[in-house]
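**Student:** My structure is below; once you've seen it, I'll send some questions.
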Amino acid sequence: MDASIAYPETRRGDVVEEQFGVAVADPYRWLENDVRTDTEVRDWVAAENAVTGAYLETLPGRAAITARLTELWNYERVGIPVVRQARYFYTRNDGLQNQSVLYVRQGLDGEPRLLIDPNTWSDDDATAMAEWEPSPDGSRVAYAIQDGGTDWRTIRILDVESGQTLDDALVWAKFTGISWARNGSGFYYSRFPEPEGAEFQSLNMDQAIWFHTVGTDQSADRLVYATPDRPGLTHGAEVTDDGDWLVIYSSEGTDDRYDVTIIGLRSPEAAPRTIVSGMEHNWDLAGSIGDIFYFRTNLDAPRERIVRMDVSGDEPVISEVIAEDAATLESASLVGGRIIANYLVDARNEARVLDLDGSLVTIVEVPGIGSIAGFEGGLGDPETFFAFTSFARPTTIYHYDSARGDVTVFAEPEVTFDPEDYSVRQVFYASADGTRVPMFIVHRADLDASAPHPALLYGYGGFNVSMTPSFSPATLDWMEMGGVYAVANIRGGGEYGAEWHDAGRLRNKQNAFDDFIAAGEYLIREGITSREQLAIRGGSNGGLLVGAVVNQRPDLFAAALPAVGVMDMLRFDRFTAGRFWVDDYGYPDREEDFRALYAYSPYHNIPETGDYPAILVTTADTDDRVVPGHSFKYAAALQHADLGDRPHLIRIETRAGHGSGRPTSQLIAEYADLWAFIGHWTGLAVPGHE
């Protein structure tokens, strides 16, 4: 059945452009057009989905996988609470709700009250609540609406006491936080001008910081900070806990390299003052005490440190509080008169509590290898919350007493499996150049280690993003069926600080691919899996990773799942936020960068003939982060080439974006398709396929 797939006819254009003496063909340029407005592209999407859907219908076990995924997904999920004046705000999903809802309770043990339910906002449940922030007195919540997965936001305001939504509606917000003025009169946010072209494809330029006063029209918002002479900069803002300062971070790409500007809020006439310039280093505010700011920074510290900055004078004075460590400092906050610093130790988290002079007080106890997030709050707060999760442990929310150091459970889900039934271990392997790379390997504890098993290898390797342990019902289902799950912490991520990131980006990008290939070779060499049983998966930059390594080593893998990938490395910077990615990829219009990009670009390196693994590409029509044209063109090129008998299909979701805000039912349906597909091609004994 697999060799007989009749792919849709895809028109090949004659676009050829010469770049630095190279004739670059782009026969599927027309597939970059917006699927919502271009009839030919829309018809192509419908035809591809019809072929893919028909093929997936033939795979045994898909219905049983869907049923089990539904059972595994049906557990309570609670977010980290935000406390404002004895009001505790948090998100909750009862299990199969398509969107999580916002609750509030009065006091730590108060009765929960529903505030915002996005499940009532649209018929298809594809409209989600994104960013949200209570006012300092807890009387209002500003929240962002995300429709159909887009990065665009509409910000609304809820009155907590009455439960009524105010008339205020702020549009064209994107990549924004929400930071309230201390008196609760309004908040600061970031927005772009209304797009002149297609809203889901146009480049995002001229972002600015605005202040919105509650109860007024957006047209009355006050412009706080903009850089019209540098339209490519993006700006984010936060108010310090005491309300005295507005801290503005400006950047020009995805790197953690910022200018920092402050505005004194004690005086309405205060002018912006830049305290860090040059956009050379990371600056992340941990907290402040009057004119003293505590920053996490990689200035003279590739793995980050904490410094104290006195901004009372004309020039800021910097002194070190916590020196760089062998572990990578991932985040820090000032809570309860102390610093809580969250470190990465070989890609797993460790939270350390320190005095303001940097002296270690304690290390927060957690139940094993996993990831920690949270510890937000103010300097004087007596409590904070954090989340812990691991591959076989769903997220549990803990309450931390910042005075006594006591850790208690705030919310722990009840699940239909025993986490102790799964083995989580970390190994280290050598990459092509000898670099030591960590990898997590997870599977059922009773799996027979004497024989190879179907395995799914996941990777990302970019943008300083660290791949730490996390729970997914879908991953658990894969392991429950007898599959091995592996996560390789390849270069390009942030697991070992700036040096690890630098070693896998720009003209070093091939290192990330080599690390991922070496991970697959390790799994095969150790007898954990075999070439006939190994599948790979990655999303976004990880989709690029999967596309590149399949081109370079198609013999190594049985199946591949590239999701929402950056597949055309010569045109990524022409759409929406793609221009920011030059920090990791380089500039396609500069010759040395062009030659490096062209050498690994997934779309441009598909051969005319070969023997490729089974491939199921996934993307979505409203992805305005990595526009779907990347995946459309890549899939069309795969289907045009003679790459063997295995299928090369594309699954295109509607009313979805780059990943966030997707309804639960949509996720379950997609994972059922993915697992049935790679289960078939790796020999996994999925239900109905024994």
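**Student:** Stokes-Einstein diffusion coefficient for the stretch 1-141 at 4 °C in a medium of 1.567 mPa s, Rh from the Kirkwood formula over Cα pairs: what value in µm²/s?
**Tutor:** For the chosen part, D equals 63 µm²/s.
**Student:** Rank these residues by their accessible area, most exposed first, probe 1.4 Å: E71, E196.
**Tutor:** On the way: E71 100, E196 190 Å².
Order by accessible area, largest first: E196, E71.
**Student:** Further question on the same structure: Can you compute the charge dipole magnitude of the stretch 115-212 about its Cα centre, using +1 on each Lys and Arg Cβ and -1 on each Asp and Glu Cβ, nothing else charged? Give it in debye, rounded to the nearest 20.
**Tutor:** Numbers: 6 positive and 17 negative charges, 88 e Å.
In debye, rounded to 20, the stretch 115-212 gives about 420.
**Student:** In whole Hz, what ³J(HN,Hα) sequence does the stretch 286-291 give by Karplus (6.51, -1.76, 1.60; θ = phi - 60°), x for Gly and Pro?
**Tutor:** Result, ordered by residue: 8, x, 8, 10, x, 8 Hz.
**Student:** Enter the Cα centre distance for the pair the stretch 86-121 and the stretch 159-226, rounded to the nearest angstrom.
**Tutor:** Computed from Cα coordinates, the inter-centre distance equals 24 Å.
**Student:** Could you tell me the convex hull volume per residue, in Å³, taken over the Cα atoms of the stretch 207-262?
**Tutor:** Numbers: hull volume 5.6 nm³, N = 56.
Hull volume normalised by residue count: 101 Å³.
**Student:** Determine the shape class of the stretch 159-220: with a ≥ b ≥ c the square roots of the Cα gyration tensor eigenvalues, call it rounded for a/c under 1.5, and otherwise prolate if a/b is greater than b/c, oblate otherwise. Intermediate results must be reported in sequence, preceding the final value.
**Tutor:** Numbers: a/c = 2.53, a/b = 1.90, b/c = 1.33.
It comes out prolate by the Cα gyration axes.
**Student:** Now, a different point. I need the peptides 452-465, 353-366 ranked by packing, meaning the mean over residues of other C-beta atoms within 10 angstrom, with the highest value on top.
**Tutor:** Values: 452-465: 24.2, 353-366: 14.0.
The packing order, highest mean first, is 452-465, 353-366.
**Student:** If you don't mind, another one. If you line up the long axis of helix 62-73 against the longest principal axis of the chain, both from Cα atoms, how many degrees apart are they, to the nearest 10?
**Tutor:** Approximately 20 degrees, to the nearest 10.
**Student:** I would also like to ask the following. Scan around Y460 for amide H atoms under 5 Å from its own, H built in the peptide plane at 1.01 Å from N, and keep only partners 5 or more places away or cross-chain.
**Tutor:** Amide H to amide H, under 5 Å and 5 or more residues apart or across chains, Y460 pairs with I490.
**Student:** While we're on this one: Please say if the stretch 419-464 is rounded, prolate or oblate, where rounded means a/c under 1.5 for a ≥ b ≥ c the square roots of the C-alpha gyration tensor eigenvalues, and otherwise the choice is prolate for a/b larger than b/c and oblate otherwise? List each step's numbers first, then the result.
**Tutor:** On the way: a/c = 2.31, a/b = 1.76, b/c = 1.31.
Verdict is prolate for the stretch 419-464.
**Student:** Rounding to the nearest 10 and keeping the result within 0 to 90°, find how far the Cα-based axis of helix 591-600 lies from the longest principal axis of the chain.
**Tutor:** So the inclination is approximately 60 degrees.
**Student:** So what's the stretch 62-155 giving for Cα Rg divided by 2.2 N^0.38 Å, two decimals? Each step should come with its number before you reach the end.
**Tutor:** Working: Rg = 15.1 Å, N = 94, 2.2 N^0.38 = 12.4 Å.
Ratio of Cα Rg to 2.2 N^0.38 Å: 1.22.
**Student:** What does the C-alpha gyration tensor say about the overall shape of the stretch 557-687? Classify as rounded when a/c is under 1.5, otherwise prolate if a/b is larger than b/c, or oblate.
**Tutor:** Cα axes put the stretch 557-687 in the oblate bin.
**Student:** Please list 3J(HN,Hα) in residue order for the stretch 617-631, calculated via the Karplus relation 6.51 cos²θ - 1.76 cosθ + 1.60 where θ = phi - 60°; whole Hz, with x for glycine and proline.
**Tutor:** Those phi angles translate into 7, 10, 7, 8, 6, 9, 6, 9, 9, 10, 4, x, x, 4, 6 Hz.
**Student:** Continuing with this model, one more query. For the stretch 243-330, what is the accessible area per residue in Å², given a 1.4 Å probe and the full set of protein chains? Write out the running numbers ahead of the final one.
**Tutor:** Working: 3670 Å² over 88 residues.
Accessible area per residue, the stretch 243-330: 42 Å².
**Student:** Distance between the C-alpha centers of the stretch 286-357 and the stretch 670-689? Whole Å please.
**Tutor:** 46 Å
**Student:** Further question: Along the charge dipole of the chain, pointing to its positive end and built from +1/-1 on Cβ of Lys, Arg, Asp and Glu, which listed residue (N204, P367, G21) has its Cα farthest out?
**Tutor:** Result: P367, furthest along the dipole toward the positive end.
**Student:** Right, next: Using amide H atoms built in the peptide plane, which far-off residues or other-chain residues are under 5 Å from Q97 H to H?
**Tutor:** none
**Student:** Cα axis of helix 509-525 to longest principal axis of the chain: angle in degrees, 0 to 90, nearest 10?
**Tutor:** Around 60 degrees separate the two axes.
**Student:** Please list 131-143, 269-281 highest first by mean number of surrounding beta-carbon atoms within 10 Å per residue.
**Tutor:** On the way: 131-143: 20.5, 269-281: 12.9.
The densest-packed peptide leads the list: 131-143, 269-281.
**Student:** Amide H of R303 versus every other amide H placed in the peptide plane: which residues, excluding those fewer than 5 positions away on the same chain, fall under 5 Å?
**Tutor:** Correct list: A498.
**Student:** Also, I was wondering about something else. Tally Lys/Arg at +1 and Asp/Glu at -1 over every other residue whose Cβ is under 10 Å from the Cβ of V41; what's the total?
**Tutor:** Details: positive: R36, R42; negative: E32, D34, D38, E40, D43, D621.
It works out to a net charge of -4.
**Student:** Follow-up question, since we're still on this one. Residue by residue through the stretch 165-172, what is 3J(HN,Hα) from phi via Karplus (6.51 cos²θ - 1.76 cosθ + 1.60, θ = phi - 60°)? Round to whole Hz and write x for glycine and proline.
**Tutor:** 8, 6, 6, 4, 8, 10, 10, 6
**Student:** To the nearest 500 deg cm²/dmol, what mean residue ellipticity at 222 nm is calculated for the chain from DSSP H runs of n ≥ 4 alone, each contributing -39,500 (n - 2.57), summed and divided by the residues?
**Tutor:** Values: 10 runs with 118 residues, N = 690.
For the chain, the value works out to -5500 deg cm²/dmol.
**Student:** Give the peptides 310-318, 375-383 in descending order of average Cβ contacts within 10 Å, highest first.
**Tutor:** In descending order of packing, they fall as 375-383, 310-318.
**Student:** Using the crude model of +1 on Lys and Arg Cβ and -1 on Asp and Glu Cβ, and no other charge, please compute the dipole size for the stretch 72-160 relative to its Cα centre, in debye to 20. Walk me through the numbers before you get to the answer.
**Tutor:** Numbers: 9 positive and 14 negative charges, 75 e Å.
About 360 debye.
**Student:** For the chain, what are the per-bin percents of Cα-Cα distances with bins 10 Å wide, up to the bin holding the maximum?
**Tutor:** Here the calculated profile for the chain is 3, 14, 25, 28, 20, 8, 2, 0.
The values are calculated or read from the model by the stated rules, or taken from the named source; none is laboratory data. From a predicted model like this one, the values you see are computed outputs, not experimental measurements. Glycine also receives a Cβ, built like all others from the backbone with ideal geometry; neighbour counts cover every protein chain displayed. Calculation scope for accessible area: heavy atoms of the full protein, side chains included, ligands and nucleic acids excluded. Shrake-Rupley method; radii C 1.70, N 1.55, O 1.52, S 1.80 Å.
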